[in-house]
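Novice: Mind looking over this structure? Questions follow.
What follows draws every value from the coordinates through simple rules; no lab data is involved. In this text the structure is predicted, and so the values were computed from the model without any measurement. All Cβ positions, even for glycine, are placed from backbone atoms using ideal geometry, and neighbour counts span all protein chains on display.
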Amino acid sequence: MDFEATLSQLGQNGFLIALAIIILVVLFKGVRIVPQSEKFVVERFGRLKSVLGPGLNFIVPFLDRVRHRVSVLERQLPTNSQDAITSDNVLVKVDTSVFYRITEPAKTVYRIRDVDAAISTTVAGIVRAEIGQMELDEVQSNRSELINAIKSAIEVAVDDWGVEVTRAELLDVNLDRATQDAMLQQLNAERARRAQVTEAEGYKRAVELNADAELYSAEQAAKARRLQADAEAYATGVVARAIAKNGIEAAQYQVALKQVEALTALGGGEGKQTILVPSNAMDAFADAFKMLKGSK
């Protein structure tokens, strides 16, 4: 009896141990912890069942299987160089770089085999198409617009692959040696033309300023003559009013006084010891003296 009881006890213990092992295996197979940077694609009998997000997830053991682990971090494609021809038939070599991230892992897994290679090929074709619609000067000067156009075209092309294009960069546009030499000659010619234009504009400005200066000088001279004429007219008016008020004697007095001042100035010069005067000069002195005496 003791032996049978022992066997029974061992059997029960073995069953419990087996049951515990089975439970542990089921838990191990049925629980999936997904990292924050990944998503798991689950299949059941070879078909898509679900996509597990970050955190603790449960699946049906032995029926469901995690087939793909997809990173949702942003990725950068290797720098890609491709040749392109502008609308004015200039061959350029363009270096591009694209950043993207996977937003719908199911599409990425089941619709495209190598998403990096597919995006690289798509970018090359879009870059050639976009540059082919622009002239070389536009490619150089409107790089931001070209980048936006390339990014928009890539977004449309990769939409079915569950991919979001976050950035597209046009790193460099290189020209062959012959084109560089031609552009350098054109640049030098443009600089020479601008220098000639600047010199001509400077000469024109100098001529305009000189003309303005001459005009200003003429205007000032005309103003001076006008002021002098006004002063003479004013003096004449004063004399006329004096004559009208005091009679002809006032005019004769002024004339005689001027004659006396002229003779005085003539006699006051250096080395003028002998002065020859007209015969009526003394009469002028006498007339002036009489008038002066009479005025007193």
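Novice: Select from segment 66-117 those trypsin sites (Lys or Arg not before Pro) which occupy a DSSP coil region and have at most 15 other Cβ atoms within 10 Å, ordered by residue number.
Specialist: Arg113
Novice: May I ask you to compute the full-extension gain from Leu19 to Leu187, defined as 0.36 nm times their residue separation minus their alpha-carbon distance, rounded to one decimal in nm?
Specialist: Extra length from Leu19 to Leu187 when fully extended: 51.9 nm.
Novice: Per residue and in Å³, how big is the convex hull formed by the alpha-carbon atoms of segment 17-71?
Specialist: Looking at segment 17-71, the number lands at 67 Å³ per residue.
Novice: Sort Lys29, Lys49 by Cβ crowding within 10 Å, fewest neighbours at the top.
Specialist: Lys29, Lys49
Novice: Which FRET efficiency, nearest 0.05, do Leu171 and Ser37 yield, Cβ-Cβ r, R0 22 Å?
Specialist: Working from the Cβ atoms, E equals 0.20.
Novice: Right, next: What is the sum of charges, Lys and Arg at +1 and Asp and Glu at -1, for the other residues whose Cβ falls under 14 Å from the Cβ of Asp116?
Specialist: +1
Novice: OK, next. Excluding Asp95 itself, what net charge comes from residues whose Cβ is under 14 Å from its Cβ, given Lys and Arg +1 and Asp and Glu -1? Mind showing how you got there, number by number?
Specialist: On the way: positive: Lys93, Arg128, Arg143; negative: Asp83, Glu169, Asp172.
Result for the local shell: 0.
Novice: Using only the Cα atoms of segment 37-131, what do you get for the radius of gyration and for Dmax, in Å?
Specialist: 18.8, 64
Novice: Less than 14 Å Cβ to Cβ from Ala129, Lys/Arg counted +1 and Asp/Glu -1: what total charge do the surrounding residues give?
Specialist: 0
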